Amino acid sequence: MPHPPLLDHLRWRYATKHFDSTKTIPAETWKILEESLILTPSSYGLQPWKFLVITDAELKAKLLPHTWGQKQVVDCSHFVVFASKTTIDHEYIDDNFKRTEEVRGVPAEKMKGYRDMIVKNLVHDARAGDIEEWASRQSYIALGQFMLACALLHVDACPMEGFVPAEYDKILGLTARGLTATVCCAVGYRNDSDKYATAPKVRFPTEKLVEYL
């Protein structure tokens, strides 16, 4: 059966408030969603993130009190924490260039100028002191792509900023790894009782939001 047009998928999706805790995303569907995360574009292609996929019920329960009591975290099938890097060093940048050499076959010496420019920008210049904020913006790109992929596969999703990052970092052991929790996304399948599933979307008119110059 052909998929509906893109806008139909986007009109179908909403920030799911109530998940059906008895339903789990099939493994083959999840692999596609996982790959959509990996394929996310990022500044310089550095991928300054880690995607923590939580399915363990006990771990979800530990996070619940630090998620403003929002039940999505425990009722969803997969709970994804988008963790951003807090620092970028020479070693991380070099790892990226080694991977580029491995995948594309481009000798490292041919990329030295580009590599040195990135090091100057992210390690030595003013941006070096603001890596966490820069990396968090990259994580939101990943969130957007992930939510679109979910909509295309008719998997429900709820992006969540209502949580305490410091507590997440503690529970998930992120600080010692040079990471911090930036945003989360609960995914699974909507509960039939969720009244928001059929509520009309509230958006400003196009002319208020889109301006052609």
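Bear in mind that the values in this text are calculations on the coordinates, not laboratory data. Model, not experiment: these values are computed from the prediction. Heads up, the Cβs are rebuilt from the backbone with ideal geometry, glycines too, and the neighbour counts pull from every protein chain shown.
Summing Lys and Arg as +1 and Asp and Glu as -1 over all other residues whose Cβ lies under 12 Å from the Cβ of LEU152 gives a net charge of 0. Rounded if a/c is under 1.5, else prolate if a/b is larger than b/c, else oblate: which is segment 1-77, with a ≥ b ≥ c the root eigenvalues of its Cα gyration tensor? Judged from the Cα gyration tensor, segment 1-77 comes out oblate (a/c at least 1.5, b/c at or above a/b). Among the GluC sites (Glu not before Pro) in segment 106-186, those placed in a DSSP loop whose Cβ has at most 15 other Cβ atoms within 10 Å are GLU161. What lysines could a cross-link reach from LYS195, if we take a straight Cα to Cα line under 18 Å and drop same-chain neighbours fewer than 8 places away? List returned: LYS17, LYS71. If R0 is 45 Å, what FRET efficiency do you get for HIS9 and ALA166 from their C-beta distance, rounded to 0.05? Rounded to the nearest 0.05, the efficiency is 0.80. Restriction of the trypsin sites (Lys or Arg not before Pro) in segment 1-59 to DSSP coil positions whose beta-carbon has at most 15 other beta-carbons within 10 angstrom yields LYS23. Taking chymotrypsin sites (Phe, Trp or Tyr not before Pro) across segment 111-213, the ones in a DSSP loop with at most 13 further Cβ atoms lying within 10 angstrom of their Cβ are TYR212. From the coordinates of this entry, Cα extents along the principal axes in Å is computed, and it appears in (i) 67, 50, 27; (ii) 58, 46, 37; (iii) 54, 44, 29 under the label (ii). Close amide H partners of MET160, meaning residues 5 or more places away or on another chain with modelled amide H under 5 Å apart, are CYS184, CYS185, ALA186. Of all lysines in the structure, those lying under 19 Å Cα to Cα from LYS31, and not within fewer than 8 positions of it along the same chain, are LYS23, LYS50.
Rounded, prolate or oblate: which one fits segment 76-145, using the alpha carbon gyration tensor with axes a ≥ b ≥ c (rounded when a/c is under 1.5, else prolate when a/b beats b/c, else oblate)? Cα axes put segment 76-145 in the oblate bin.
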